[in-house]
Amino acid sequence: MQHVIELEGLTRVYGGVRAVDGVSFHVEQGEIFGFMGHNGAGKTTTLRMLLGLTRPTSGTARVLGHDVVRESLAVRRECGFLPASYALPAHMTARQFLHYVAAMFDLAPEVAEARIQALLQLFGLEAAAERKLGGFSTGMAQKVGLAQALVNEPRVLLLDEPTSGLDPLGRHELLEHLRRLATERGVTVLFSSHILSDIETLCERVAVLHRGRLVAFGPVEALKREHHSESMDALYLELARRAA
Amino acid sequence: MSARFLWLDVRATLGERKTLLAAGLMAYAVLAVPFLVAKPPEHVMAAMGTWFGASEPFTLFLYLWTDLAMNKLVVILGLVLAGGLVTRERETGVLAVLLSKPMSPVRYYLVRALSACVVMGLLYVAGHLVAAPLVARGVPGFRAGTFFASMAVHLFAAFFCVCFSALMSVLVPKRSLAALVSLLVLFSLVGGSFAGIYNPAWREAALVNPFAHGVTVVTHMAELRPGHVLGSIAVLLGFNLALLALGAARVRHLEV
């Protein structure tokens with residue numbers, strides 16, 4: 001069976017630093033896969049390599065069967081991406097920005113408008129649709145960020161620290177949206193985070209990075225048993241201790 | 001090339017504060033220059049006669065309009081519109097969002113540069129359309145055909161400023177340094193735009209300067225032919241396409 005996301009020895013070296021070092025794992029159709037690691041562990045670089053935004057120094061990766069280097073545009077057509085930190089264009093309204101993004105997919109205006117209307121409804125942004133993004137709160141901006149990642153109805157979502165900076169209610173809502181996307185639409189989600197409770201809430205399987213290297217990969221419960229850990233916190237600390 | 005993306009980018013740029021600033025600068029030029037040419041001193045008119053072979057008020061107006069107002073204005077507008085073309089998006093982090101879509105960095109860069117050119121063109125043409133009737137009333141012997149022919153050629157010098165600023169924004173890593181380099185180079189070129197007129201010995205050498213082509217209508221007013229207009233537009237188009245190609249080559253392997 002072909003995996004939706006497949007990494008084989010993926011490596012990226014900056015200067016002499018191996019930001020990502022021989023990482024291999026795979027993600028299946030319709031699952032919400034947790035991608036854990038401390039700040040600077042290499043999660044963001046890995047996600048960017050999966051979209052062809054950053055070139056691997058060595059190794060390969062495929063998304064939906066497309067090579068991420070040679071067929072990066074085909075990968076991007078099927079993916080939605082939400083980076084960890086970014087500022088939306090302050091001079092655009094939410095609706096303008098979503099149309100702007102939709103135009104990058106060459107969506108017909110009427111198709112784009114229907115999808116954008118549905119997304120604005122889904123995220124409760126209808127009332128704010130004509131407001132400039134510069135005035136949006138962190139939570140609202142994150143919803144727009146997720147909406148732009150969904151405008152092409154992606155089969156794969158790559159989310160980099162999507163719950164960072166959100167209040168508990170905003171975090172709960174976002175996690176619920178992701179759960180619905182996976183269960184109702186069969187979207188595969190690669191969920192990168194260092195917030196362990198979010199991973200535990202959403203994901204059945206995880207990959208754990210430490211200083212660019214994969215130190216664990218598999219079902220959360222199996223990893224807990226294997227490392228005699230009762231919680232995600234304990235598991236993560238144990239993995240970090242062993243890797244150090 | 002995505003026409004819809006280009007259109008949406010033009011609309012978004014028109015809504016930015018920087019475009020309002022650019023429009024304000026254009027409005028200032030439109031209103032100020034007619035006052036400057038209202039009562040020219042004798043020695044200025046004499047210089048006009050020596051340089052351009054004509055000392056009528058319209059010659060003085062077109063010279064001042066082109067050199068004093070438009071030449072300086074397009075440098076600043078080019079920088080305002082295209083100075084942070086990719087670097088600003090990179091700094092805010094939104095470049096990763098945009099380039100995660102199925103649009104190559106080259107296509108993104110070219111559409112954004114073209115969009116900045118469109119906005120420059122809109123501001124430039126609108127400024128001239130507003131200025132023409134104002135100047136026609138205040139400048140004796142105003143010739144609309146020559147005025148708009150001059151606009152048509154110099155517009156491509158304005159596009160040169162956009163393309164150059166866009167190139168610097170991807171060539172020089174820091175936005176402020178890129179802006180400084182753009183200003184230095186473009187103002188140096190502007191300073192030499194009439195070098196071939198001030199000193200006829202430099203006439204041939206001056207043609208390597210795009211702005212010398214941009215002011216061709218002013219320098220050939222006494223014997224203006226369609227070839228002067230079309231030839232200079234073609235040369236400037238070549239310069240602009242070369243700059244865009246360099247910028248595209250630079251972003252070809254852009255990593256985010």
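What follows draws every value from the coordinates through simple rules; no lab data is involved. What you see is a predicted model, and the numbers here were worked out from it, not measured in a lab. When we count neighbours, we look across all protein chains shown, and the Cβ atoms used for this are built from the backbone with ideal geometry, even at glycine.
Miscellaneous remarks
- Angle of helix B:144-171 to the longest C-alpha principal axis of chain B, folded into 0 to 90 degrees and rounded to 10: 30°.
- Arranged from fewest to most other beta-carbon atoms within 10 Å of their beta carbon, B:Val86, B:Val208 become B:Val208, B:Val86.
- Average partner coverage of B:86-99, which counts Cβ from other chains inside 10 Å: 5
- Those lysines that a straight Cα-Cα span of less than 28 Å connects to A:Lys224, excepting residues fewer than 8 apart in one chain: A:Lys43
- Principal-axis tilt of helix A:168-185 within chain A, Cα atoms, nearest 10 degrees: 90
- Shape class of segment B:2-252 from the Cα gyration tensor (axes a ≥ b ≥ c, square roots of the eigenvalues): prolate, since a/c reaches 1.5 or more and a/b is larger than b/c.
- Nonlocal amide H pairs with A:Arg205, under 5 Å, H built at 1.01 Å: A:Gly34, A:Val220
- Backbone N under 19 Å from the B:Leu177 label point (7 Å along Cα→Cβ), restricted to segment B:87-130: B:87-92
- Listed by chain and number, the lysines whose C-alpha is less than 18 Å from the C-alpha of A:Lys132, apart from same-chain residues fewer than 8 away, are A:Lys143, B:Lys18.
- Cα gyration tensor shape of segment A:29-82, rounded if a/c is under 1.5, else prolate or oblate by comparing a/b with b/c: oblate
- Efficiency of FRET from Cβ geometry, A:Arg180 and A:Glu113, R₀ 22 Å, rounded to 0.05: 0.45
- Label point distance in nm, A:Ser197-A:Glu8, each placed 7 Å from Cα along Cα→Cβ: 4.1
- For segment B:182-239: rounded, prolate or oblate by the Cα gyration tensor [a/c cutoff 1.5]: oblate
- Using a simple spin-label model with pseudo-atoms 7 Å out from Cα toward Cβ, A:Glu130 and A:Arg241 lie 5.9 nm apart.
- Relative to the longest principal axis of the Cα atoms of chain A, the long axis of helix A:232-243 makes an angle of roughly 50 degrees.
- Counted without the sites themselves, the longest stretch of chain B free of trypsin sites (Lys or Arg not before Pro) in a DSSP loop having at most 14 other beta carbon atoms within 10 Å is B:1-173.
- Number of partner chain Cβ atoms within 10 Å, mean per residue of B:2-15: 4
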